[in-house]
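Just below is one structure, and these are the notes that go with it.
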Amino acid sequence: MSENELLNTNDPGIQPEPVITPEPAAPVPMEDSVPGSSSAESETIELPNEPTHVASPSSRHTNVKTKGFKKISNEIEKLAAEHKAGESYDFRSFFIHARQIIELFKKTRDISDAHRKELWDKCRKLYDGVVHLRIEKYPTSDAISTQLKENTVELIKEVIHFIGGAYDKTTMQSARDKFKTMNNHLVNRTKSMHKPDADYCWQAFRKCKEQLDKKAESLNASAMEEAKGYLATALKGFESESNPFEAMKIVIEERNKTKDLILSKEDTDEIIKQFNELWAKLAVRLDGFKLERKTKREARNAKRKQRKATEQTLHLRDAERLDKLTKLITTIESEIADLEIKRDSASGEEYRTKVQNWIDSKKKKLTEFSAVVADLKTKVSVFQHEATPDADDKSDKTGEAQ
């Protein structure tokens, strides 16, 4: 960007920087101070043509030299005598004292217009003489002022170039920091420039400020569109995920993405507001999901208890039946043994055949009962194993997983 483009004076928004008289302050070393110059140069104040005042009606048209007249007159005499430094003056203390006298003019009321003008002319003459001495002692050469202007404009161009390259929150903050540093340099350097050169630099500064504002506005607009995209993704996840915990992960992830975006305070508040509304809906769904899961868990527990109660009843019945069948098998085995003795001791073939048929019939029953007993023993054994505490815990965990 050329200096003509940078300082396009046809732009109605560019106006010369007004001359701002700084408040008296302790001299501060500056890296941009001009060789041969002094902080005293920046201590001058512009005296008005006439001091503003409110004269009391009683003293407005009188020639009596009042206490106010004498007080101001004494201060002017001190101003002329107390700040001498050889053939010159201590300019800093002189200009501070001069400012105090100006305030005294404004506050003093018991003094006529003629006396006020007399004292003002005297103060003005003294002041102008000291200003002339300061200019002679601390001249600012055209070459120094021009060099400062060129250096300052070059610094402003560098900041404008850096602003143009900003693309995210971090680089934009760096651009703002560089702009702030440049502004501080500008304030210090223009104190040692001729007014036209200072005006030129302030115009360049305004162009730089415009570039900064435009870049921030542009990045904010694109960032807002990006933030809306993140919000839309979060809303889609909220609507599509049946599990609110999964939906929560999506909302948190998309919301975190907005933290690095360059948004204005208004846009930031709007995005936060919409995410908070979505989060509130998610919290309601989460509460419902937890309640539903609790209800299902309680139903499973009740069902499991009912199943255990039924199983306990069946177990008791099976155990009782197992005990009866076991005793019955013992009885049948005893009967078979007795029948075998009778069979072996029988004298007739017909009786022996009848006893053998009894034995075969009882053995058949014994086989059937033994099969039933084996099945009952298995059921009882399984129930007793499942009834142990470890098995109950495992069953509970399985139910939770379901």
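Do we have any residue at all in the range 95-115 that's within 53 Å of the chain's Cα centre (by Cα), closer than 19 Å to LYS191 by Cβ and modelled with pLDDT under 90?
Checking the range 95-115: at least one residue is within 53 Å of the chain's Cα centre (by Cα), closer than 19 Å to LYS191 by Cβ and modelled with pLDDT under 90.
What pairs come up if the first residue lies in the range 274-291 and is under 10 Å from LEU235 (Cβ atoms), the second is part of a helix (DSSP H, G or I) and of a type in the set (D, E, K, R), and their beta carbons are under 9 Å apart, counting only those six or more places apart or on different chains?
GLN274/LYS228; PHE275/GLU254; PHE275/ARG255; LEU278/ARG255
Within the range 108-121, how many residues are surrounded by fewer than 16 Cβ atoms within 10 Å (Cβ to Cβ), part of a helix (DSSP H, G or I) and in contact (Cβ under 8 Å) with a residue 40 or more places away in the chain?
Result for the range 108-121: 3.
To keep it simple, each residue is scored yes or no on (1) at pLDDT 85 or above; (2) polar (S, T, N, Q); (3) assigned to a helix (DSSP H, G or I).
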position	(1), (2), (3)
LEU316	no, no, yes
LEU325	yes, no, yes
ILE332	yes, no, yes
LEU339	yes, no, yes
THR353	yes, yes, yes
ASP360	yes, no, yes
LYS364	yes, no, yes
ALA374	yes, no, yes
SER381	no, yes, yes
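Would it be correct to say that GLN203 is more than 18 Å from ASP142 (Cα to Cα) and more than 32 Å from the chain's Cα centre (by Cα)?
Considered against the rule, which asks whether it is more than 18 Å from ASP142 (Cα to Cα) and more than 32 Å from the chain's Cα centre (by Cα), GLN203 comes out as yes.
Taking the stated definitions as given, is PHE91 within 16 Å of THR66 (Cα to Cα) and in the same structural domain as LYS71 (by TED's automatic domain parsing)?
No.
Return a yes/no flag: does the range 224-245 have any residue that is among the acidic types (Asp, Glu) and either on the phi > 0 side of the Ramachandran plot or modelled with pLDDT of 85 or more (or both).
no
Taking the range 288-317 only, how many residues are in contact with a helix residue (DSSP H, G or I) (Cβ under 9 Å, 6 or more places away or on another chain) and either over 24 Å from PHE383 (Cβ atoms) or of a type in the set (A, V, I, L, M) (or both)?
Going through the range 288-317 one residue at a time, the tally reaches 5.
Limited to the range 152-174, what total is found for residues that are surrounded by fewer than 19 Cβ atoms within 10 Å (Cβ to Cβ), touching a residue at least 12 places away in the same chain (Cβ under 8 Å) and in a loop (DSSP other than H, G, I, E, B)?
Matching residues across the range 152-174 total 2.
In this structure, does LEU339 turn out to be in contact with a Phe, Trp or Tyr (Cβ under 7 Å, 6 or more places away or on another chain), more than 26 Å from HIS385 (Cα to Cα), assigned by TED's automatic domain parsing to the domain that holds PHE383 and touching a residue at least 12 places away in the same chain (Cβ under 8 Å)?
So LEU339 passes the test.
Tell me which residues, restricted to the range 247-265, are without any contact (Cβ under 8 Å) to a residue 12 or more places away in the chain and closer than 22 Å to THR171 by Cβ.
If the condition is that a residue be without any contact (Cβ under 8 Å) to a residue 12 or more places away in the chain and closer than 22 Å to THR171 by Cβ, then ASN256, LYS259, LYS265 are the ones that fit.
Checking LYS305 against (1) in the same structural domain as LEU231 (by TED's automatic domain parsing); (2) loosely packed, with under 11 Cβ neighbours inside 10 Å; (3) basic (Lys, Arg): exactly one of these is not met. Which one?
Looking at each condition in turn, LYS305 falls short on (1).
The values are calculated or read from the model by the stated rules, or taken from the named source; none is laboratory data. Bear in mind that the values here come from a model prediction, so they are computed numbers and not experimental data. Methodologically, a virtual Cβ is constructed for each residue, glycine included, from the backbone with ideal geometry; neighbour enumeration extends over all protein chains shown.
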